[in-house]
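S.K.: Shown below is the structure under consideration.
The values are calculated or read from the model by the stated rules, or taken from the named source; none is laboratory data. The structure displayed is predicted, hence computed values, not measured ones. With ligands, DNA and RNA removed, areas are computed over all heavy atoms of the protein, side chains included. Shrake-Rupley method; radii C 1.70, N 1.55, O 1.52, S 1.80 Å.
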Amino acid sequence: MSAIDDLPPLREVIAAHGLTAKKALGQNFLLDLNLTAKIARAAGDLTGADVLEIGPGPGGLTRGLLAEGARHVLAVEKDTRCLAALAEIAEAYPGRLTVLNADALEVDPLAHLTPPIKVVANLPYNVGTELLVRWLTPPAWPPVWDSLTLMFQREVAERIVAHPGGKAYGRLAILAQWRAEAGIAMRLPPEAFTPPPKVASAVVRIDALPAPRWPADPAVLERVVAAAFGQRRKMLRASLKGLASDMEERLAAAGIAPTDRAEQIPIEKFCALARALTP
Ligand code: SAM
């Protein structure tokens, strides 16, 4: 029995189901249920919300989410070895946990949930950025989710919350901050995980804004940002020259000097440039 529910401690669950961590699946488990409940609380009030969790593994965070009152948790796990352990959690919380045995890159589980929807996950690092970019670029804004509370390698977390003027600032910061509020909610050392990964981690919370901070066509903005940061050391007149024959005039219209570099440009000006490039 653990402090947050009547289920066995995670070490016993892992031993009983033979869940030795597989590196290829990015398996670094959280075994401290007080910590997983704290991560669940970092997502805000879960009562009345549907939660999507990617990669529940043996279910530490899943139990935290359910103990913290999530209305329903949909957990997507690729590793079939974890299913029996997750079934025991579903039994302890009747009707509140659905487990989908699938690759999170192959399914779109958000469509099956009822708003308000929160995404909370200790993501496998090999697919974390890809999933984040998908969630941040839905066909329409606001997205179906209210917030994303996600574990990343600390270096990726720093890129998501970065401001102009440093090496961490780039496409991820712009994607996350143009139409959402992004902040680091918690920092975790490698020892918080079993087995410990090589790097430190951080939980990032991203709250969707009802509308973008500044208007811009998402596809044009994405093209500008990709070109600007694709050659981040170059001056913008060089890195962006392929986007328009009169690029210097468009830069001037957006209030950007042609000699500026991508790293210095705030999101507001990238949006102005996207507008200046939109027919
Ligand atoms: N949530 C658990 C915890 O906090 O202890 C496990 C986190 S572990 C970092 C990542 C989990 O994602 C593993 O259980 C792994 O099997 C699962 N996983 C890896 N790739 C996946 C994918 N493409 N789709 C769904 N689950 C995946």
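S.K.: Give the cross-link partners of Lys167 among the aspartates and glutamates, using a straight C-alpha distance below 18 Å as the criterion and excluding same-chain residues fewer than 8 apart.
M.R.: Once the sequence-local aspartates and glutamates are set aside, what remains near Lys167 is Glu155, Glu158, Asp260, Glu263.
S.K.: Just list whichever of Lys38/Lys78; Lys118/Lys234; Lys198/Lys241 have alpha carbons separated by over 30 Å in the model shown. All intermediate terms of the calculation are to be shown ahead of the outcome.
M.R.: Details: Lys38/Lys78 25 Å; Lys118/Lys234 39 Å; Lys198/Lys241 40 Å.
Table pairs above 30 Å Cα-Cα are Lys118/Lys234; Lys198/Lys241.
S.K.: Once phi is turned into θ = phi - 60°, what whole-Hz ³J(HN,Hα) does the Karplus curve with 6.51, -1.76 and 1.60 give for every residue of the stretch 234-244, x standing for Gly and Pro?
M.R.: Each residue of the stretch 234-244 in turn: 7, 5, 5, 5, 8, 5, 9, 4, x, 8, 7 Hz.
S.K.: Okay, next question. Given a 1.4 Å probe, how much area per residue of the chain is accessible, in Å²?
M.R.: Working: 12590 Å² over 279 residues.
With the other protein chains kept in place, the chain gives 45 Å² per residue.
S.K.: Taking the chain as the reference, fit the longest principal axis to its C-alpha atoms, fit the long axis of helix 218-230 to the helix C-alpha atoms, and give the angle between the two in degrees, 0 to 90, nearest 10.
M.R.: Helix 218-230 sits roughly 80 degrees off the main axis of the chain.
S.K.: Continuing with this model, one more query. Would you work out what percent of the accessible area of the chain, with all protein chains in place, is carbon or sulfur (probe 1.4 Å)? All intermediate terms of the calculation are to be shown ahead of the outcome.
M.R.: Details: 6800 of 12590 Å².
The value for the chain is 54 percent carbon and sulfur by accessible area.
S.K.: If each DSSP helix of 4+ residues adds -39,500 (n - 2.57) and the sum is divided by the residues in the chain, what number results at 222 nm, nearest 500 deg cm²/dmol? Present the calculation step by step, with values, prior to reporting the outcome.
M.R.: On the way: 11 runs with 98 residues, N = 279.
Theoretical 222 nm ellipticity from helices: -10000 deg cm²/dmol.
S.K.: Okay, next question. Return the Cα extents of the stretch 10-208 along principal axes one, two and three, sorted largest first, each rounded to a whole Å.
M.R.: 50, 37, 29
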